[in-house]
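Inspection log for the structure reproduced underneath, given as structure tokens.
Read the figures in this text as sums done on the coordinates, not as results from a lab. Since we're looking at a predicted model, the values are computed, not measured. Note: ideal-geometry Cβ built from the backbone for every residue, glycine included; neighbour counts use all protein chains shown.
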Amino acid sequence: MNLMLFGAPGAGKGTQAKFLIEKYNIPQISTGDILRAAITDKTDMGMEAKKFMDEGKLVPDSTIIGIIKDRLAETDCKNGFILDGFPRTLAQAEALSELMKNMNINLDKVISLNVPDELIVGRITGRRVCSKCGASFHVEFNPSKEENVCDYCASELIIRKDDNAQTVKSRLDAYHTQTAPLIDFYTKMGVFIELDGTKDVSEVTKDMINALS
């Protein structure tokens, strides 16, 4: 099962990915994670990406595609994968489609979690992250037992720098500007599924599994 998770930041993609990983025994491929891994492992593409990052530049699409190609070729992807956080633009989607075609890989479904912007802002600004172990909480939906103290290691919970209303709104604006063409792109491919991401987590999971059955 080759899947892609689609949706605005804070729509719940990471939460749902955990259920998909467990059910289908396939890896989640987050561009941020594989970029960091490629740099740590000093792969050719990782070193190329590091060069751009060290210069304060964006890593070009061609380099990201190269890193994704290396990741999809690994043995744990032979039964499928979950792409998360890529593509973000039509050019990236077209490049990814060409890559998968050349690798004889079919994209089975693109699952989009639809959540209104006002709910996204509340979800993200309410997020609290452990300063030590990185565990994530939410003041409303998943509060820690003791306010601002991590349940797992008793360290302080912090608000991440980007988890403020102004930054979230800017990220949402960018998402909507870049995303509309992708919806058309994957709808025409016949793989696009849109789900109501405002439901309870377990309900969203149930809808997702039904859509993939």
(message) Let me understand region 112-196 better: what is its radius of gyration from the alpha carbons, and its Dmax, in angstrom?
(response) 16.4, 49
(request) Using θ = phi - 60° and the Karplus relation 6.51 cos²θ - 1.76 cosθ + 1.60, list the HN-Hα couplings for region 201-207 in order, rounded to whole Hz, with x at every Gly or Pro. (result) 3, 5, 5, 5, 4, 4, 4
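Full-extension gain between Val149 and Met1, please, as 0.36 nm times their residue separation minus the C-alpha to C-alpha distance. Walk me through the numbers before you get to the answer.
Values: separation 148, 0.36 × 148 = 53.28 nm, distance 3.87 nm.
Here the segment from Val149 to Met1 would lengthen by 49.4 nm.
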(request) For an R0 of 25 angstrom, estimate the FRET efficiency from the Cβ-Cβ distance between Met53 and Thr167 and round to the nearest 0.05. (result) 0.80
(message) Residue by residue through region 146-163, what is 3J(HN,Hα) from phi via Karplus (6.51 cos²θ - 1.76 cosθ + 1.60, θ = phi - 60°)? Round to whole Hz and write x for glycine and proline.
(response) 10, 4, 6, 10, 5, 5, 9, 10, 6, 7, 6, 8, 10, 9, 5, 3, 7, 8
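Expected output is a single nm value to one decimal: the length gained when fully extending between Tyr24 and Lys42, i.e. 0.36 nm times separation in residues minus the C-alpha distance. What is it? Display every interim value, and only then the final one.
Working: separation 18, 0.36 × 18 = 6.48 nm, distance 3.00 nm.
Fully extending the segment from Tyr24 to Lys42 adds 3.5 nm.
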(request) Please list the non-local residues whose amide H lies under 5 Å from the amide H of Val149, H modeled 1.01 Å from N, same-chain partners needing a gap of 5 or more. (result) Leu157
(request) Sequence neighbours fewer than 8 away in the same chain don't count; with that in mind, list the lysines whose C-alpha is under 21 Å from Lys18. (result) Lys78, Lys109, Lys199, Lys206
(request) Go through region 33-43 residue by residue and turn each phi into a ³J(HN,Hα) via Karplus (6.51, -1.76, 1.60, θ = phi - 60°); whole Hz please, and just put x for glycine and proline. (result) 5, 6, 5, 4, 5, 5, 5, 4, 7, 6, 6
(request) Could you please state, rounded to a whole Å, how far the C-alpha centre of region 34-92 is from the C-alpha centre of region 139-213? (result) 22 Å
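Could you compute the FRET efficiency for Lys101 and Leu212, with r as their C-beta to C-beta distance and R0 at 22 Å, rounded to 0.05? The partial results should precede the final answer.
Numbers: r = 22 Å, r/R0 = 1.01.
Once rounded, the FRET efficiency stands at 0.50.
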(request) Could you list which residues have their amide H under 5 Å from that of Ile29, counting only those 5 or more apart in sequence or on another chain, with H placed in the peptide plane? (result) Ile82, Leu83, Asp84
(request) Pull up all non-local amide H partners of His138: gap of 5 or more, or a different chain, and H-to-H distance under 5 Å with H placed in the peptide plane. (result) Arg128, Ser144
